[in-house]
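Bear in mind these aren't lab numbers, they're just calculated from the coordinates by the rules spelled out. All values reported here derive from a predicted model rather than from experimental measurement. Cβ coordinates were reconstructed from backbone atoms using ideal geometry, including for glycine residues, and neighbour counts include every protein chain displayed.
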Amino acid sequence: MAEIYSEPYHLKINELIDANHKRDIWEFDAFEDGRNLAKIIGEPPEYPLHFSVQNDFNEWWVVLKGSIRISIDSDKEIFAKSGDIIRIPAGNHEIQFTTNLDPCVRLVVTQQGSEQVINTDEIENSSQSRYFSKSTNTTHISLDDVINEFENSPWTSTILEDERNRANLICHNPGMSNNPHWHPAFHEWWTILKGSLTWEVGDNRPVIHAEKGDLIFVPKGFLHKITTVSDETSLRLAITTPEDLHIYTTDDNYAPPPKS
Ligand SMILES: [Fe+2]
């Protein structure tokens, strides 16, 4: 059972994969953030799956390792590789996994009680959906396509936005840090798509060293400073609420102070 952590949390993806290496299909509930349940699912190659999702919220996945081939509602097959995002708008959808050559590990951003009905014969027609506000018809976001939009780093691109979440993809150069800040009202979390970074959170806590595929969760109220420590540019997906209130200065008397 996932929970909302009151302390910073670091999920090391390689340790999780190692712990599950004897299992064909596995699932791990990483955490809740009050809006989402973040879970990790591992699937073997050449394992065709057919299921329906019946959600009243937008669900989305990030391919962390390997790749997947899927079609949604019998549309054209999507080939999604590491770093790519799959968006499944609210409603009823039929999802077909086809033969895939790599084992796949994906982050699934969903909610508790989300229903996945495997191998159903009959799937109801799509109900009214609340669509993602950006590129409504895009179910597959290719990381390469996003990167190719920018000539120079650093850059930030809003990848997803709906009533529940905003997901910004952030590209930083080696040695670069964000402007340290905290959020009084929501928990923030990240998944790393490229490079390695450190998180300095609060006072006197151990520095978090995170690699590609890892998840980092910082509860609301903690000051966070994020630095790219790899020799290559880093890419991280930052998940916040759409309101996204940042506080940057401890001299702000109107704002609650950061937690230690
Ligand atoms: Fe933040």
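Odds and ends about this structure:
- Restriction of the trypsin sites (Lys or Arg not before Pro) in the range 41-120 to DSSP coil positions whose beta-carbon has at most 11 other beta-carbons within 10 angstrom yields K76.
- Highest mean first, the peptides 144-151, 247-254, 157-164 sorted by other C-beta atoms within 10 Å per residue fall in the order 157-164, 144-151, 247-254.
- Taking the range 5-86 and dividing mean pair separation by its residue count, relative contact order in percent (alpha carbons under 8 Å, at least six apart): 18 percent
- Loop-located GluC sites (Glu not before Pro) across the range 1-86 with a Cβ neighbour count of 13 or fewer within 10 Å are E3, E46, E77, with loop assigned by DSSP.
- Inter-part distance where the range 197-230 and the range 35-62 are each reduced to a Cα centre, Å: 27 Å
- Three-way shape call for the range 137-204 based on the alpha-carbon gyration tensor, with the a/c threshold at 1.5: oblate
- Based on C-alpha pairs under 8 angstrom that are at least 6 apart in sequence, the range 144-240 has a relative contact order of 36 percent.
- Cross-link table K12/K39; K194/K225; K65/K225, entries beyond 24 Å C-alpha to C-alpha: K65/K225
- For the chain, a/c is not less than 1.5, where a ≥ b ≥ c are the root eigenvalues of the C-alpha gyration tensor, and a/b tops b/c. That puts it in the prolate class.
- Contact order, relative form, for the chain: 19 percent (alpha carbon pairs under 8 Å, 6 or more residues apart, mean separation divided by residue count).
- Each Lys and Arg adds +1 at its Cβ and each Asp and Glu adds -1 at its Cβ; summed about the Cα centre, the range 144-240 shows a dipole of about 400 debye.
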